[in-house]
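The values are calculated or read from the model by the stated rules, or taken from the named source; none is laboratory data. What you see is a predicted model, and the numbers here were worked out from it, not measured in a lab. Backbone-built Cβ (ideal geometry, glycine too); neighbour counts: all protein chains shown.
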Amino acid sequence: MIDAIVNSLEQKINKVLVKLDQTKASNLKLNEELALAKQEISAYQKQNANWEEKYQALKMANSMLGSDDNKKETKLKINALIREIDHCIAQLSE
């Protein structure tokens, strides 16, 4: 009677250990997939930032070529750049 209970417990423990090993392997695989997905997301974010920068440059170039759509924005950007340059010159002259 006790032997049957012990054997039953051993079988259940073995099943749990097998399940644990399977879960650990699955977890490891999922962590690797997650790391790859994070790398892909990072690459896409860099690519998106690059395209955004190119888009902004194109908008500015279009407004400098006479496009009325973005003239105000371009003037503000140029004024900000001029203020930045003036600030740098002031710091250099000190």
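To keep it simple, each residue is scored yes or no on (1) touching a His at 6+ places or on another chain (Cβ under 7 Å); (2) of a type in the set (Gly, Ala, Ser); (3) modelled with pLDDT of 95 or more.
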position: 20; (1), (2), (3): no, no, yes
position: 25; (1), (2), (3): no, yes, yes
position: 39; (1), (2), (3): no, no, yes
position: 70; (1), (2), (3): no, no, no
position: 74; (1), (2), (3): no, no, no
position: 79; (1), (2), (3): no, no, no
position: 84; (1), (2), (3): no, no, no
position: 91; (1), (2), (3): no, no, no
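When each of 4, 43, 37, 57 is tested for being part of a helix (DSSP H, G or I), exposed (fewer than 10 other Cβ atoms within 10 Å of the Cβ) and not β-branched (Val, Ile, Thr), the lone residue that passes is 4.
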